[in-house]
1. Taking a ≥ b ≥ c as the square roots of the eigenvalues of the Cα gyration tensor of the range B:3-207, is the shape rounded (a/c under 1.5), prolate (a/b larger than b/c) or oblate?
2. Can you send over the carbon and sulfur percentage of the accessible area for chain A, probe radius 1.4 Å, protein chains only?
3. Along the Cα→Cβ direction, 7 angstrom out, place labels at A:Arg43 and B:Glu391. What is the inter-label distance in nm?
4. Report the relative contact order of chain A, percent, no decimals, based on alpha-carbon pairs under 8 angstrom and at least 6 residues apart.
5. Could you check the spin-label model distance between A:Arg26 and B:Ser125? Points 7 Å from the Cα along Cα→Cβ, value in nm.
6. What do you get for the angle between helix A:5-14 and the principal long axis of chain A? Use alpha-carbon atoms, 0 to 90 degrees, nearest ten.
7. So, in Å, what gap is there between the alpha-carbon centers of the range B:385-461 and the range B:99-175?
8. Other chains' Cβ within 10 Å of A:29-40 residues: what's the mean?
Amino acid sequence: MSIGRDEVLHVARLAELAVRDEDLNRLVDQLNRIVDYVAQLDRVPADGAADLFLPGPRQVELREDVPGSVPLARPPAELSPEFADGFFLVPRHGAMEDL
Amino acid sequence: MSAPAVAAATGARLVAAEASSLNATLHWSQALLDAEARRVEASPGGPLHAVPVAIKDNIVTTDAPTTCASRILEGYVSPYDATAVTRLRSAGAMIAAKTNMDEFAMGSSTEHSAFGRVQHPLDPSRVPGGSSGGSAALVAAGVVPAALGSETGGSVRQPASFCGVVGVKPSYGRVSRFGLVAFGSSLDCISVFGRTVDDASKVLAAMSGHDPLDRTTLERPAMVPPAPRRDLSGLRIGLPREYFPADLHPGVAAAMERTKTAARELGAELVDVSLPNSPYAVPTYYIVAPAEAAANLARFDGVRYGPRKVGPGGDIRALYQATRGHGFGPEVQRRILVGTYVLSAGYYDAYYGKAQRMRARIAEDFRRVFAGGVDLLLTPTTPTPAFRAGEKTEDPVSMYLADIFVCAISLAGLPALSLPVGRTEGLPVGAQLIAPLLEDERMLAAAAALERVVAAEAEVR
């Protein structure tokens, strides 16, 4: 399987990653080598019997959806570039298009 | 030695390490070390009283930056401490430094740090392994007796082998990851380097146990450092044939022969076993881990984390893309792209689904061998000793193969460690012991017995 420049750019858009033009050819080459390498799993006969495996507790249960107490070393206002009236301020969707 | 004296001596060694261009630390200060000493003096005692421990820079602390060796987190200071850090402090340890690493723990050589590569402490032209190379190098250079790293696919055992120190990965779920910056959540384990098995065991024990802040920790009490075994009598140790290929580096092969002889002389029964799916561990890992990384690293977008860069067009997606394109280094970008690709429409089952099924088969191989009466497994940790800097940076697949003997264990969630067992051409060689799930103590006790008899610093012939 071969991944072309357009497909790398498409995946980069899905990943919200700007790729510089000068890096694109190298990325195309390296991604093809990586994907060709991992594709060796295709040669393994599928037995269809294997269940999914995850380590850790048999069942990870969600905790109660109540505010927890993570002790913070600094107040919330110091955690963000902008904070007002108890809220973190972030760029508004569409706001920058209006500029 | 009093805590202030330990702080002063540790600071002097850190200064000397910096002067030697080891580049193993990202943040430390004598003022912070002195503050740690005052805290320890105010509540003396504890199993790690006044022991200086270095911390990989992907484990958060409130009094120093946590950057994951990435420009995208440059200057970030966490508002809370990792549970592992809190527990080490409760046990009397002093946090000595935050250590250099491959960016976001992605790499096998600690060359992928935004703040420069870490040098091998015995040969500056070589790599210390990775991704926890800074922690491994600091312990190997004698700066600290123990350090924390993190494992996703061998990132403590592999550098421990390259640097000639002990590196222990616990069973998945025995140590809280609260405060460990997530890479591959079904794989990540905070792990330990020590000069000796005993050093590493004490640090691991102090951190272990259930944590309500991490729902993936197991409901088990904290570990107790095991008493070292006098010998290995009564133990059946399996030698999986897939981990002893014909093209194994001759120095590594010779060191393993010596280790097998030592184990037999200590009374162990060595038996040939097979883990037929382990050869597929690296391709499986390099689908599963990037897929999880692509999801976990989505939060570094210039809004939730990271210095904002405004991209062309000036909209919110341009901000995300410019911030991430500028802030992530080449290896992190590669893995995010691979992870996004294997999860994308049309490819999910061909790659991710297949890798998940292979992961189950790899884990089942281990379960079957242990259920068949084998107590531990013994393998080389790495196929070669430390390689030269720059040797593999342009060929990602070649770099990934440095993890060929460590990946499968991570996929199966098992405990494993690397023990220094000799040197070839002056470079350390590590042997890997692997235990069944939750048999960490059995593995540590056996390793301590082997440690007493293998001449870790002697050249193998």
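1. It is rounded, given that a/c, with a ≥ b ≥ c, falls under 1.5.
2. 53 percent
3. For the pair A:Arg43/B:Glu391, the computed spacing is 2.5 nm.
4. Once normalised by length, the contact order is 16 percent.
5. Label-label distance for A:Arg26 and B:Ser125, simple model: 2.4 nm.
6. Tilt of helix A:5-14: around 30 degrees.
7. Spelled out, the Cα-based centre of one part sits 12 Å from the other.
8. Mean inter-chain Cβ contacts per residue within 10 Å come to 6.
The values are calculated or read from the model by the stated rules, or taken from the named source; none is laboratory data. Keep in mind the model is a prediction, meaning the values are calculated, not measured. Virtual Cβ from ideal backbone geometry, glycine too; neighbours counted across all protein chains shown. The protein model used for the area step is the full one, side chains on, heavy atoms only, and it has no ligands, DNA or RNA in it. Shrake-Rupley method; radii C 1.70, N 1.55, O 1.52, S 1.80 Å.
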